[in-house]
1. For segment 83-101, indicate whether the set of residues that are assigned to a strand (DSSP E or B), farther than 30 Å from residue 155 by Cα, at pLDDT 95 or above and within 21 Å of the chain's Cα centre (by Cα) is non-empty.
2. Quick one: count up the residues across segment 44-59 that are in a loop (DSSP other than H, G, I, E, B) and either within 19 Å of residue 94 (Cα to Cα) or under 26 Å from the mean Cα position of the chain (by Cα) (or both).
3. Taking into account only those residues within segment 36-54 that are over 14 Å from residue 78 (Cβ atoms) and in contact with a helix residue (DSSP H, G or I) (Cβ under 8 Å, 6 or more places away or on another chain), which is surrounded by the most Cβ atoms within 10 Å (Cβ to Cβ)?
4. Sort out which residues of segment 72-82 are out of contact with any helix residue (DSSP H, G or I) (no Cβ under 8 Å at 6 or more places or on another chain) and part of a strand (DSSP E or B), and write them in order of number.
5. Have a look at 184, 115 and point out the one that is closer than 30 Å to residue 75 by Cα, in a strand (DSSP E or B), at pLDDT 95 or above and touching a strand residue (DSSP E or B) at 6+ places or on another chain (Cβ under 6 Å).
6. Could you tell me how many of the residues in segment 142-158 are part of a strand (DSSP E or B) and at pLDDT 95 or above?
7. Go through segment 15-43 and give me each residue that's under 14 Å from residue 53 (Cβ atoms), within 29 Å of the chain's Cα centre (by Cα) and part of a loop (DSSP other than H, G, I, E, B).
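The values are calculated or read from the model by the stated rules, or taken from the named source; none is laboratory data. Treat the numbers as computed from the prediction; the structure is a model and nothing was measured. Every residue, glycine among them, receives a Cβ derived from its backbone with ideal geometry; neighbour counts consider all protein chains shown.
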């Protein structure tokens with residue numbers, strides 16, 4: 001199993017069984033009268049460290065899956081095949097310190113943020129403003145936050161009235177260095193009723209004369 005696979009497994013464990021951190025963050029734990037010292041060397045040496053698991057095997061060497069939370073951002077480090085406990089601690093500490101120093105949680109999009117408009121066919125209004133359905137927060141390298149790109153991808157270029165409020169019309173892709181990081185659904189900011197017969201007829205006449213010039 002790769003370090004990435006282990007990190008994904010640790011993330012799943014933390015999200016679905018958060019009580020494990022209540023146990024793993026303790027420097028010692030007593031059960032049935034037996035006290036067990038916590039062998040995690042990150043506790044007390046990295047601010048916010050609260051887990052997760054140490055280990056050793058002949059094949060993998062000294063290992064440590066560490067995790068810490070700072071400024072509402074949680075990082076997970078995975079260190080394998082180190083030669084001793086000191087090297088294991090130093091490598092884990094370097095990984096977590098590097099992460100907290102160089103990355104941050106960025107609110108890339110806010111819920112209800114305006115992202116453009118779409119043409120409306122046969123509507124009382126000819127176009128409709130679009131907004132994001134949800135917000136988007138990502139852990140991003142600090143120096144690359146300004147390089148994040150947002151691309152509006154519509155299901156159709158034109159929608160036909162009647163249109164309801166919060167109707168899904170596409171998505172807004174969040175990309176960095178050409179890689180898709182995330183996306184949020186894009187919806188209509190309000191509803192639009194279908195135009196009446198005479199209004200549509202009058203528009204058709206106007207469009208006809210415009211086409212002559």
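1. No - not one qualifying residue is present in segment 83-101.
2. Qualifying residue count, segment 44-59: 5.
3. Only one residue fits best here, namely 49.
4. 81
5. Just a single option satisfies the conditions, and that option is 184.
6. Final tally of qualifying residues: 6.
7. 17, 25, 40, 42, 43, listed by residue number.
Conditions (1) under 30 Å from residue 18 (Cβ atoms); (2) in the same structural domain as residue 167 (by TED's automatic domain parsing), marked per residue:
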position: 66; (1), (2): yes, no
position: 72; (1), (2): yes, no
position: 85; (1), (2): yes, no
position: 90; (1), (2): yes, no
position: 97; (1), (2): yes, no
position: 120; (1), (2): no, yes
position: 123; (1), (2): no, yes
position: 129; (1), (2): no, yes
position: 136; (1), (2): yes, yes
